[in-house]
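> Got a structure for you, written out below as structure tokens; questions coming shortly.
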Amino acid sequence: MKKTCTVLLFVVLLLAACAPQATPIATPPASPTPAPAPSATPPPPPTATTVPPEMPTPEPFEGLPLPTEQGTLFSVSGACALCHKDMVDESGADVSIDTFWRSTMLANASRDPYWQASVRGEVLSNPALAPVIEDKCAACHMPMARFTAAAEDEAGQVLEEGFLDPDNELHTLAMDGVSCTLCHQIEETGLGETSSFSAGYMIDVELSMGQRLNYGPNQINEQQAAVMQGASGFIPVQGQHIQRAELCATCHTLYTPYVDAEGQVAGEFPEQMAYFEWLASDYGQTIACQGCHMPEAEGAVQSSITGGPARTAFSKHVFVGGNAYILQVLR
């Protein structure tokens, strides 16, 4: 009986082991919750463009009378403006030399507050070099005063009792900036050479007032020359070099001294190279500085109230440049 029970138990276990396993019922994956549709993001409101306020239109201002002082080598602008005024071109536009020139950076070279502050800053930083700094800067910003001083073997002085001081005897010449009888007395000699750069222009110091030459692009007959000589002390002569870029290069090619760690002058560096930049450009072979910065008037122009032939290709003395900000400050 016991043996029978054992056999039955073995058969039951064997059948259980061989029975097919129940296949588990796969649970279907939960359906993914659909992501909410993205809401349309409204575009940012347009940024308001900041428009700078327009500069107020200045009231008409003819300016104060130009000075008429005459030195041993130069006369200031008012002496020239006595005759070279009330000039119109064939369109009827005013092209008077004094009207245009007086509102340029050339005329205001010595009044420029940024330049004055720069000179003061350099002197404060290098007080031992004040004579070098002031003479160097005066050569192009106060050229008539500085050249007059140099002719007497004196250095140009800007600050303190220098040219900016109204009591200085050369103050009027200094404050007339780059004026008529500076540019129109520059000799052709040496123009374009290294020696002419950094205010190395040549002006005759031997001729006395009344015999001094004044260069211009046109031929002048003897009668008109005598009129100008009697009125201004200068004899007008033709000099085509007045229209060359090399004349401008005498100041617009500037090498400036620099100092070492001990404050001693160690050499010069090219501070302004406008002439060489022009020379290396496409314009260097086609048009001089004056062609853009002194555009021609429309048609012929009577250049003096004393008469004489009307001049074609008259260059307006506007000296157009990029420094409009300082001109607005001075206005």
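> Multiply the residue gap between GLN116 and THR194 by 0.36 nm, knock off their C-alpha separation, and tell me the result in nm, one decimal place. Numbers along the way, then the final one.
Numbers: separation 78, 0.36 × 78 = 28.08 nm, distance 2.71 nm.
Answer, rounded to one decimal: 25.4 nm.
> Would you work out if the range 221-313 is rounded, prolate or oblate? Take a ≥ b ≥ c from the square roots of the eigenvalues of the alpha-carbon gyration tensor; rounded if a/c is under 1.5, else prolate when a/b is larger than b/c, oblate otherwise. Mind dumping the intermediate values first?
Numbers: a/c = 4.11, a/b = 1.92, b/c = 2.14.
Note, shape of the range 221-313 comes out oblate.
> Counting only other residues whose beta carbon sits under 13 Å from that of ILE326, what net charge do I get with K and R as +1, D and E as -1? Write down the numbers at each step before the final one.
On the way: positive: ARG111, ARG331; negative: ASP112.
In short, +1.
> I would also like to ask the following. Please calculate how many Å² of accessible area the range 284-331 carries per residue, with a 1.4 Å probe and no DNA, RNA or ligand atoms counted. Please list the in-between numbers first.
Working: 2800 Å² over 48 residues.
Normalised by residue count, the accessible surface of the range 284-331 is 58 Å².
> Another question about this same structure. Please list, in chain and number order, the residues 5+ apart from GLU296 or on another chain whose amide H is under 5 Å from its amide H, with Hs placed from the backbone.
Residues meeting the criterion, in which the H sits 1.01 Å from N, are LYS316.
> Considering only protein heavy atoms, with the full assembly of protein chains and a 1.4 angstrom probe, order MET175, MET202 by accessible area, largest first. Walk me through the numbers on the way to the answer.
Details: MET175 30, MET202 100 Å².
Sorted descending by solvent-accessible area, the residues read MET202, MET175.
> Using the Cα centre of the range 136-250 as the reference point, and only Cβ charges (+1 on K/R, -1 on D/E), how large is the resulting charge dipole? Debye, rounded to the nearest 20. Don't skip to the answer; put the middle values down first.
Working: 4 positive and 16 negative charges, 102 e Å.
Dipole size: approximately 500 debye.
> Right, here's the next one. What accessible area per residue, rounded to a whole number of Å², is obtained for the range 138-230 using a probe radius of 1.4 Å? Don't skip to the answer; put the middle values down first.
On the way: 4430 Å² over 93 residues.
Here the residues of the range 138-230 average 48 Å² of exposed surface.
> Towards the positive end of the charge dipole of the range 253-331, with charges on Cβ (+1 Lys, Arg; -1 Asp, Glu), say which of THR253, GLY263, GLN285 has the farthest Cα.
Positive-end residue among those listed: GLN285.
> Once you place label points 7 Å from the Cα toward the Cβ at ALA266 and GLU69, how far apart are they in nm?
So the label points at ALA266 and GLU69 sit 4.1 nm apart.
> Of all accessible surface on the range 262-331 at a 1.4 Å probe, what whole percent is carbon and sulfur? Can you show the working numbers first?
On the way: 2450 of 4490 Å².
Using a 1.4 Å probe with all protein chains present, the range 262-331 comes out at 55 percent carbon and sulfur.
> I would also like to ask the following. What is the calculated FRET efficiency for GLN229 to GLU154, with r their C-beta to C-beta distance and R₀ = 35 Å, to the nearest 0.05?
Working: r = 29 Å, r/R0 = 0.83.
The value I calculate is 0.75.
> Can you give the FRET efficiency to the nearest 0.05 for LEU82 and VAL320, using r as the Cβ-Cβ distance and R₀ = 22 Å? List each step's numbers first, then the result.
Values: r = 26 Å, r/R0 = 1.17.
Result of the calculation: an efficiency of 0.30.
The values are calculated or read from the model by the stated rules, or taken from the named source; none is laboratory data. Quick caveat, the model's predicted, so the values are computed rather than measured. Cβ sites come from the backbone with ideal geometry, for glycine too, and all protein chains shown count toward neighbours. For the accessible areas, the whole protein counts, side chains as well, though only heavy atoms, and no ligand, DNA or RNA atoms are used. Shrake-Rupley method; radii C 1.70, N 1.55, O 1.52, S 1.80 Å.
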